[in-house]
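Below is one structure, written out as structure tokens; comments come after it.
The values are calculated or read from the model by the stated rules, or taken from the named source; none is laboratory data. Since the model is a prediction, treat every value here as computed from it, not as a measurement. In case anyone asks, the SASA skips ligands and DNA or RNA and just uses the protein heavy atoms, side chains included. Shrake-Rupley method; radii C 1.70, N 1.55, O 1.52, S 1.80 Å.
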Amino acid sequence: MNLFMQTAAEAVAGGPHFPLAFTLVYVVGFIAAVTIGSIAWYNSKRPPGWESKDRPDFVPKVEPEETPGSGKPKS
């Protein structure tokens, strides 16, 4: 029991410690999700009210590829 008390006291004395790697993973993952989601949204059909809007310059145009055996690609 004394060993547990010493370990707990050392952990508390050092203060809260959250690894920087976890924070970086969350930040990089969030940025990647927003970027990939934005590209997918801009390349999908336009929602009502956005049909006449232009695609932003920074969003790449993704063309449908020919898929043999599965019919024509949707346009």
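Could you list all residues from the stretch 25-55 that are among the polar types (S, T, N, Q) and either open to solvent by less than 60 Å² (accessible area, probe 1.4 Å) or at pLDDT 80 or above (or both)?
Listed by number, the residues that qualify are THR35, SER38, ASN43, SER44.
Given the residues PHE22, PHE18, PHE58, which is the only one that is aromatic (Phe, Trp, Tyr) and modelled with pLDDT of 85 or more?
Being aromatic (Phe, Trp, Tyr) and modelled with pLDDT of 85 or more holds for just one of PHE22, PHE18, PHE58, which is PHE22.
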